[in-house]
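Novice: Below: one structure in structure tokens.
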Amino acid sequence: MTKDINIKPIDGLLIRFLDKVQRLKSFALKGKLEVENEGVNDAWEDIIGYSFIALGLLLEAEKNNRKEGN
């Protein structure tokens, strides 16, 4: 999907990650989430998931770079 709009997958992932961080920051300041159907635990779980995906993307890139001799 990120290729459709000319964004690297890791950049798209970072945008989603930062969106969740912003939601948690808002919760910390206001005591409630702006998104009604998402709980605090959901936001933290999403951050964990995005972190694992990012790690996978980075490891894949390192593996590809080693294959190419970079």
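The values are calculated or read from the model by the stated rules, or taken from the named source; none is laboratory data. Note that the structure is predicted; figures quoted are calculated from it, not measured. When we count neighbours, we look across all protein chains shown, and the Cβ atoms used for this are built from the backbone with ideal geometry, even at glycine. These area figures cover heavy atoms from the full protein model, side chains too; ligands, DNA and RNA do not enter into them. Shrake-Rupley method; radii C 1.70, N 1.55, O 1.52, S 1.80 Å.
Novice: Tell me yes or no: at least one residue of the range 49-65 is part of a loop (DSSP other than H, G, I, E, B), open to solvent by 90 Å² or more (accessible area, probe 1.4 Å), out of contact with any strand residue (DSSP E or B) (no Cβ under 7 Å at 6 or more places or on another chain) and at pLDDT below 95. Give the derivation first.
Specialist: So the first thing to find is which residues in the range 49-65 are part of a loop (DSSP other than H, G, I, E, B), and the list is none.
No, the range 49-65 has no match at all.
Novice: Take the conditions in contact (Cβ under 8 Å) with a residue 12 or more places away in the chain and not β-branched (V, I, T) and apply them to L24. Does it pass? Steps first, answer last, please.
Specialist: On the way: in contact (Cβ under 8 Å) with a residue 12 or more places away in the chain: yes; not β-branched (V, I, T): yes.
Criteria met by L24.
Novice: Still on this structure, I have one more. Collect the residues in the range 15-41 that are over 25 Å from L55 (Cα atoms), assigned to a helix (DSSP H, G or I) and either in contact with a Cys (Cβ under 7 Å, 6 or more places away or on another chain) or not hydroxyl-bearing (S, T, Y) (or both), keeping them in residue-number order.
Specialist: Matches in the range 15-41: F27, A28, L29, K30.
Novice: From the list L29, L18, exactly one residue is of a type outside the set (G, A, S) and under 14 Å from the mean Cα position of the chain (by Cα). Which is it?
Specialist: L18
Novice: Working only within the range 1-14, note down all residues that are surrounded by fewer than 13 Cβ atoms within 10 Å (Cβ to Cβ), in a helix (DSSP H, G or I) and among the hydrophobic types (A, V, I, L, M, F, W, C).
Specialist: At the first step, the residues of the range 1-14 found to be surrounded by fewer than 13 Cβ atoms within 10 Å (Cβ to Cβ) are 1, 3-6, 8, 11.
This time we only want the ones that are in a helix (DSSP H, G or I), so: 3-5, 11.
Result: I5, single match.
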